[in-house]
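Step one of this worksheet: look at the structure below.
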Amino acid sequence: MSNRKVTYQHTIEYEVVNTSNLFHPSNWALLSTGKIEDARRFVVVDAGVEKHHAKAIRDYFAHHHVEAKIVAFPGGEENKTLDHYLALARELDSFPIHRRDEPIIAIGGGVLTDLVGFVAASYRRGVPYIKVPTTLMGYVDASIGIKTGFNFNGNKNRLGSFHAPQQVILDKAFLKTLPRRHILNGVCEIVKLAVIKDAPLFDLLEAHGAQSVNEHFQNEKGAVLLDRSITGMLEELEPNLFEEDLARKVDFGHTFSYGLETRHEAHLLHGEAVLLDILLSTLVARGRNLLTDNETRRIFRLTDSLGFELDASILDPGLLLASLTERTYHRNGLQRVPMPHGIGGCIFLNDIRADEIESAVEILQEWTTINHEII
Ligand SMILES: NC(=O)c1ccc[n+]([C@@H]2O[C@H](COP(=O)([O-])OP(=O)(O)OC[C@H]3O[C@@H](n4cnc5c(N)ncnc54)[C@H](O)[C@@H]3O)[C@@H](O)[C@H]2O)c1
């Protein structure tokens with residue numbers, strides 16, 4: 001046979017839908033894809049959610065005569081492991097589902113949807129799945145894209161895949177029971193988006209962010225903030241779902257945070273690491289006149305007003321530089337660090353130096369511990 005080129009194109013399509021009262025028997029959202037006659041569903045639910053909704057979930061599937069295997073999964077980064085991946089795969093394998101019309105249902109935070117997403121991506125070489133985010137991090141970020149995975153060999157998300165969900169179902173009522181620390185964790189991704197691409201979102205956060213945090217985003221302005229964040233996030237993700245372009249605005253705050261999260265996994269949440277990175281990057285940007293003093297002050301004041309408690313003592317310039325080197329490798333040899341250019345603007349830097357990182361760390365540590373007036 002002579003050489004032959006094989007080409008195949010595959011369209012990715014999934015819906016991000018808003019709903020309320022997800023487990024009410026009259027709500028069809030969870031069963032709107034896949035078959036419903038003589039049907040089965042493998043459902044993985046975050047234990048923090050199951051605690052509040054176990055009966056409602058069981059009753060929902062029973063009402064619709066769908067045989068459901070409901071598995072409770074403990075959230076938390078420490079559970080995003082190979083062992084948990086294997087345990088879920090075993091549970092799934094003991095409850096055979098059709099390959100094409102009985103989607104797996106993942107209801108939980110980013111850890112759960114990433115892990116179950118990878119189970120779905122790898123089981124029988126890929127079965128459909130639906131994501132229902134129950135944390136703010138999941139709601140505005142982890143659930144709406146197509147990345148799956150788990151931590152491996154001391155590295156975050158080292159094993160994973162791109163596997164699009166069939167549907168993402170948003171019900172913000174889940175946020176009511178989310179602990180405040182995890183609400184703030186998700187807010188960091190909203191701050192990220194506001195600083196790097198959406199000045200009106202930044203204004204909204206200044207005006208209504210604190211109240212929305214206090215009300216777990218159940219208030220009217222909280223809903224506006226959520227909608228605008230998701231719209232902005234999807235605008236960035238959709239044209240680059242498979243990250244062919246490695247210069248991504250949504251990587252703002254995700255360069256130095258990588259090393260921080262890896263070293264301090266036990267007590268630093270993803271968003272908390274991202275926020276430290278955002279503030280360091282803000283200072284590097286000011287040093288290069290990409291942000292004015294006033295813009296820098298607004299970013300710092302916003303984080304203050306939202307009620308974050310920052311621990312800048314963990315900022316070790318050596319670790320941050322190592323993280324930059326690792327991310328440079330991940331981004332194919334160029335730093336490609338997104339930096340704010342004015343609030344709402346972005347440029348990519350490829351020449352961040354160690355001395356800029358050291359100086360940013362010094363200022364941030366002084367700001368958090370001694371002197372709020374230095375910025
Ligand atoms: N795939 C992506 O594109 C993407 C994007 C951003 C973040 N992530 C990943 O997301 C993960 C972090 O996600 P997370 O912050 O949601 O953490 P998480 O999934 O660990 O959830 C946080 C905590 O909240 C609990 N919980 C979940 N929903 C609840 C609810 N409604 N009420 C009460 N408690 C609830 C969980 O049990 C857990 O203890 C990280 O591993 C990160 O890598 C992935």
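Any read-out appearing in this document is the output of simple, stated calculations on the displayed coordinates, not a laboratory observation. Keep in mind it's a predicted model, so treat the numbers as computed, not measured. Quick reminder, even Gly has a Cβ in these numbers, built from the backbone with ideal geometry, and neighbours come from all protein chains shown.
Most tightly packed first, judged by the mean number of other beta-carbon atoms within 10 Å of their residues, the peptides 292-304, 161-173 read 161-173, 292-304. A straight chain from R124 to F162 at 0.36 nm per residue would run longer than the Cα-Cα distance by 12.1 nm. In this structure, N332 and A210 have a Cβ-Cβ separation that, at R0 = 45 Å, corresponds to a calculated FRET efficiency of about 0.70.
Taking N as the number of residues in the chain, what is its Cα Rg relative to 2.2 N^0.38 Å?
Details: Rg = 21.2 Å, N = 375, 2.2 N^0.38 = 20.9 Å.
Ratio of Cα Rg to 2.2 N^0.38 Å: 1.02.
In segment 15-176, the inverse of the mean reciprocal separation of distinct Cα atoms equals 15.4 Å; this is its Kirkwood hydrodynamic radius. In the chain, helices alone account for a calculated mean residue ellipticity at 222 nm of -14000 deg cm²/dmol, with every DSSP H run of four or more residues adding -39,500 (n - 2.57). Taking packing as the residue-averaged number of other Cβ atoms within 10 angstrom, the listed peptides 2-9, 246-253, 350-357 run from highest to lowest as 246-253, 350-357, 2-9. Listed values for segment 145-161 are Karplus-derived 3J(HN,Hα) couplings in whole Hz (6.51 cos²θ - 1.76 cosθ + 1.60, θ = phi - 60°), namely x, 10, 8, 10, x, 8, 7, 8, 6, x, 10, 5, 6, 6, 10, x, 7, and x replaces Gly and Pro.
Which one, N185, A72, L320, projects farthest toward the positive side of the charge dipole computed for the chain from Cβ point charges (K/R +1, D/E -1)? The listed residue farthest towards the positive side: A72. Counting only the Cα atoms, segment 114-228 fills a convex hull of 112 Å³ per residue. For the charge dipole of segment 68-222, defined by +1 on Lys and Arg C-beta atoms and -1 on Asp and Glu C-beta atoms about the Cα centroid, which residue among L201, F174, A120 has the Cα displaced farthest towards the positive pole? So the residue furthest toward the plus end is A120.
For the pair segment 147-187 and segment 295-334, the centres of their Cα atoms are 20 angstrom apart.
About the Cα centre of segment 93-206, how large is the charge dipole given +1 on each Lys and Arg Cβ and -1 on each Asp and Glu Cβ? Please answer in debye to the nearest 20. Please list the in-between numbers first.
Working: 14 positive and 10 negative charges, 65 e Å.
Rounded to the nearest 20 debye, it is 320 debye.
Anything over 19 Å Cα to Cα? Flag those among K147/K249; K55/K80; K80/K176, in the order listed. Let's see the in-between values first.
Details: K147/K249 16 Å; K55/K80 26 Å; K80/K176 24 Å.
Result: K55/K80; K80/K176 exceed 19 Å.
Please report, in debye to the nearest 20, how large the charge dipole of segment 212-303 is about its Cα centre when each Lys and Arg carries +1 at its beta carbon and each Asp and Glu carries -1 there.
Details: 10 positive and 16 negative charges, 119 e Å.
Dipole of segment 212-303, to the nearest 20 debye: 580 debye.
Put in order of Cβ neighbour count within 10 Å, fewest first, the listed residues F242, F118 become F242, F118.
Shown is the FRET efficiency for E243 and A62, computed with R0 = 51 Å from the Cβ-Cβ distance and rounded to the nearest 0.05: 0.80. Less than 5 angstrom separates the built amide H of G75 from those of A47, G48, all sequence-distant by 5 or more or on a different chain.
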